[in-house]
Amino acid sequence: MKKMWPVILLLIATSFITMQVLAQDYRAYKKEQLTIGTDSLPYRILLPLHYAPGEQYPVIFFLHGAGERGNDNEKQLIHVGKLFLKDSVRKKYPAIIIFPQCPEDSYWSNVLIDTDSATQKRSFHFSVDEPPTIAMQMLINLIDHIENNYKIKKEQVYVMGLSMGGMGTFELVKRKPDFFAAAISICGGANPLTAPLLSHTRWWIFHGAKDNVVSPEHSVTMAGALQKAGADVKFTLYPQANHNSWDNAFAEPVLFNWVFQNKKDVR
């Protein structure tokens, strides 16, 4: 047992150092909060390396899933925060990255969720013209706030989201139909009747074929509806992936190249 102590101590020290490095990395995301009346929306913002206030930059809004809701202004970075800190992304694609955090009692999109008491399987019923949730309205207000306080390339504004955030991505584009150059929805869904409002944005939709949380049929249906509406849409279904298909999506080697090559005509 005595021989094991140096190994155990080394593992503890390594884990501690790793935690410190991750915490230091995430500190690059500045903590902010937008408050309007009695409503507030925490968010983290990552500015480009060598950020120059006088220059214009592309902007990415990233919408997290239901498990990362709250007001700690930290959980929303869990799945994807490290991705935007990679040199291969941050140096090659300088952009302003925004991670808002949905309140615990709200949802990005206006959707009714039914849970089968026997199987615990959930079904999602997406609205067409219901008013936005408080979280969605605050998100729209946040976009206005970022536009007013940072110089952004209006032809290069993007939104991405996973699970609840994938659903929110569809809804956000619906509510700002001529604003985003490109959108990525991962294991999300929406009402296909909204597709015409989404057709001016370029789409890449991802889902896992074995997803037992959000049925892949939601993405299949939306991809078809968008194509029918004349949208430029890519759809990737991972045959062996379950709900965490974002791991596959963010391992796509051409993902960011695809995102940043999309530009809107803002004349």
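The values are calculated or read from the model by the stated rules, or taken from the named source; none is laboratory data. Nothing here was measured: the structure is a model prediction, and the numbers come from that model. Cβ sites come from the backbone with ideal geometry, for glycine too, and all protein chains shown count toward neighbours.
The one condition from (1) more than 29 Å from residue 38 (Cβ to Cβ); (2) modelled with pLDDT of 95 or more that residue 119 does not meet is (2).
State yes or no: is residue 202 surrounded by fewer than 24 Cβ atoms within 10 Å (Cβ to Cβ), among the basic types (Lys, Arg), under 19 Å from the mean Cα position of the chain (by Cα) and within 22 Å of residue 103 (Cα to Cα)?
Working: surrounded by fewer than 24 Cβ atoms within 10 Å (Cβ to Cβ): yes; among the basic types (Lys, Arg): yes; under 19 Å from the mean Cα position of the chain (by Cα): yes; within 22 Å of residue 103 (Cα to Cα): no.
The answer is no for residue 202.
For segment 207-224, which positions are buried (at least 16 other Cβ atoms within 10 Å of the Cβ) and more than 16 Å from residue 162 (Cβ to Cβ)?
Here is the first cut: in segment 207-224, the ones buried (at least 16 other Cβ atoms within 10 Å of the Cβ) are 207-208, 211, 214-216, 218-223.
Matches in segment 207-224: 220, 221, 223.
If you go through segment 102-116 and pick out every residue that is modelled with pLDDT of 90 or more and farther than 16 Å from residue 66 by Cα, you end up with 0. Among the residues of segment 141-154, write down those that are surrounded by 16 or more Cβ atoms within 10 Å (Cβ to Cβ) and either farther than 16 Å from residue 100 by Cβ or among the β-branched types (Val, Ile, Thr) (or both). Passing the criteria: 143, 146, 152, 153. Of everything in segment 1-48 that is modelled with pLDDT of 55 or more and assigned to a helix (DSSP H, G or I), the residue that is nearest to residue 138 (Cα to Cα) is 26.
Would you check if residue 227 is surrounded by fewer than 24 Cβ atoms within 10 Å (Cβ to Cβ) and outside any strand (DSSP E or B)?
Values: surrounded by fewer than 24 Cβ atoms within 10 Å (Cβ to Cβ): yes; outside any strand (DSSP E or B): yes.
Yes; evaluated as a whole, the condition is true for this residue.
In segment 66-86, what residues are small (Gly, Ala, Ser) and surrounded by 14 or more Cβ atoms within 10 Å (Cβ to Cβ)? Those that are small (Gly, Ala, Ser) and surrounded by 14 or more Cβ atoms within 10 Å (Cβ to Cβ): 66, 70, 81.
Across segment 165-199, the qualifying residues are those that are among the polar types (S, T, N, Q) and in a loop (DSSP other than H, G, I, E, B), and the one among them that is surrounded by the most Cβ atoms within 10 Å (Cβ to Cβ) is 191.
Return the residue satisfying two criteria in turn: it lies in segment 156-202 and is charged (D, E, K, R) and farther than 18 Å from residue 123 by Cα, and of such residues it is modelled with the lowest pLDDT. Talk me through it step by step, then tell me what you get.
First pass over segment 156-202, keeping only residues charged (D, E, K, R): 171, 174-176, 178, 202.
Those left that are additionally farther than 18 Å from residue 123 by Cα: 174-176, 178, 202.
Working: 174: 98, 175: 97, 176: 97, 178: 93, 202: 98.
Selected residue: 178.
For segment 145-164, name all the residues that are of a type in the set (A, V, I, L, M, F, W, C) and in a helix (DSSP H, G or I). Don't jump to the end; show me each part of the working.
So the first thing to find is which residues in segment 145-164 are of a type in the set (A, V, I, L, M, F, W, C), and the list is 146, 152, 157, 159-160, 162, 164.
Result: 146, 164.
Of all the listed residues (266, 259), the sole one being surrounded by fewer than 16 Cβ atoms within 10 Å (Cβ to Cβ) and at negative phi is 266.
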